[in-house]
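Colleague: Starting off with a structure, shown below.
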Amino acid sequence: PTADRPRLVAEAHAAGRGLGAFNVVLLEHAEAIVAGAERAELPVVLQISQNAARYHGSLEPIATACLALAREAAVAVAVHLDHAEEVGLVHEAVALGVRSVMFDGSALPYEENVAATRDVVTHCHARGTFVEAELGEVGGKDGVHAPGARTRPDEAAAFVAATGVDALAVAVGTSHAMTSRVATVDRDLIARLAQAAGVPLVLHGSSGLSDDELAGAVAAGMTKINISTHLNGLFTAAAREVLDADRAVVDPRRYLTPARAAVAAEVERLLRLLAG
Ligand code: G3H
Ligand code: ZN
């Protein structure tokens with residue numbers, strides 16, 4: 001058994017590997033992601049977004065379940081709070097034992113993002129917690145796609161120096177919540193950002209990327225690769241197949257079992273692809 005591992009991103013960065021970070025909505029997602037990682041024999045990040053915590057009514061039940069799965073896993077599993085816009089939720093996550101958080105101030109003006117992120121870093125670093133922040137908003141969170149957004153390397157360097165963050169989410173061509181894998185990333189910009197930032201880079205909205213684009217993004221210098229929508233598409237399609245085929249189904253395990261298996265298989269495949 002392994003404990004929650006906040007340094008997985010730093011370790012992948014040092015090794016030049018990509019690290020899959022997959023979003024947990026339901027307990028079944030977390031079980032599938034850990035099963036896929038165990039089959040691939042590779043580390044993984046289980047991430048819970050502020051929106052997912054809101055869906056459940058609070059962070060604690062789903063975070064506690066993820067921490068328990070991480071402890072019992074046969075591979076290293078980090079539990080991460082994703083896209084927290086409320087500082088109070090970051091503090092709650094840290095108090096629950098979550099040792100990796102993303103504070104998302106990307107919608108704020110630059111100076112406000114710096115100030116708010118710096119405060120989060122101070123709180124988290126005093127408690128052994130890894131901090132990811134975002135600069136240059138990756139669109140799509142509100143349903144509005146903005147694949148044209150770009151993070152400037154000079155701003156990335158200044159932001160990291162001013163805040164002390166451990167990892168930086170950057171805008172390089174992806175957009176959140178894409179249901180087809182047709183986006184492309186600016187590999188030259190990734191290389192320049194990796195050089196300028198000096199900390200691991202995080203790719204959000206990675207569901208919009210093909211296998212080739214994912215591998216290319218890692219080769220160019222991306223470390224943590226966030227994928228959510230793509231797995232939800234597979235999960236829901238597998239459940240729908242059962243529900244469409246048999247309208248008499250009552251037990252949720254009948255459609256959640258194949259849904260969970262579909263996610264586990266894809267997590268195993270993606271982790272191997274990203275690790276190179
Ligand atoms: O923070 C989560 C990711 O950026 C997931 O984005 O749903 O487009 O894969 P996605
Ligand atoms: Zn994201």
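Readers should treat all values here as calculations from the given coordinates under stated rules, not as data from a laboratory. Keep in mind that what you see is a predicted model, and the values were worked out from it rather than measured. Cβ sites come from the backbone with ideal geometry, for glycine too, and all protein chains shown count toward neighbours.
Colleague: Using a/c under 1.5 as the rounded threshold, could you call the stretch 1-111 rounded, prolate or oblate? The axes a ≥ b ≥ c are square roots of the C-alpha gyration tensor eigenvalues, and prolate needs a/b larger than b/c, oblate otherwise.
Modeller: Here the stretch 1-111 falls in the oblate category.
Colleague: If you keep only loop residues by DSSP, which trypsin sites (Lys or Arg not before Pro) in the stretch 91-174 have at most 16 other Cβ atoms within 10 Å of their Cβ? Don't jump to the answer; show the numbers that get you there.
Modeller: Working: sites: ARG99, ARG118, ARG127, LYS141, ARG150; in loops: ARG99, ARG127, LYS141, ARG150.
Those satisfying the criteria are ARG127, ARG150.
Colleague: Calculated FRET efficiency, THR229 and GLU41, Cβ-Cβ r, R0 35 Å, to nearest 0.05? It would help to have the intermediate numbers written out before the result.
Modeller: On the way: r = 26 Å, r/R0 = 0.74.
For R0 = 35 Å, the calculated efficiency reads 0.85.
Colleague: Give me the net charge for the shell around ARG272: Cβ to Cβ below 14 angstrom, other residues only, Lys and Arg +1, Asp and Glu -1.
Modeller: Numbers: positive: ARG17, ARG39, ARG269; negative: GLU38, GLU41, ASP211, GLU266, GLU268.
Around ARG272, the charge tally is -2.
Colleague: How far is it, in nm, from the label point at VAL144 to the one at ALA157 when both lie 7 Å from their Cα along the line to the Cβ?
Modeller: Roughly 3.2 nm, to one decimal.
Colleague: While we're here: Over the chain, how many percent of alpha carbon pairs lie in each 10 Å bin up to the one with the longest distance?
Modeller: Answer for the chain: a P(r) of 7, 31, 38, 19, 4, 1 percent.
Colleague: Further question: Let me check against my output: what whole-number percent is the relative contact order of the chain, with C-alpha pairs under 8 Å and at least 6 apart?
Modeller: Numbers: 587 pairs, mean separation 57.4, N = 276.
Result for the chain is 21 percent.
Colleague: Turning to a different aspect of this structure: Could you tell me the calculated FRET efficiency between ARG240 and GLU111, based on Cβ-Cβ distance and R0 = 45 angstrom, to the nearest 0.05? Intermediate values should be presented prior to the final figure.
Modeller: Numbers: r = 47 Å, r/R0 = 1.03.
Calculated value: 0.45.
Colleague: How many angstrom lie between the C-alpha centres of the stretch 118-140 and the stretch 192-271?
Modeller: 24 Å
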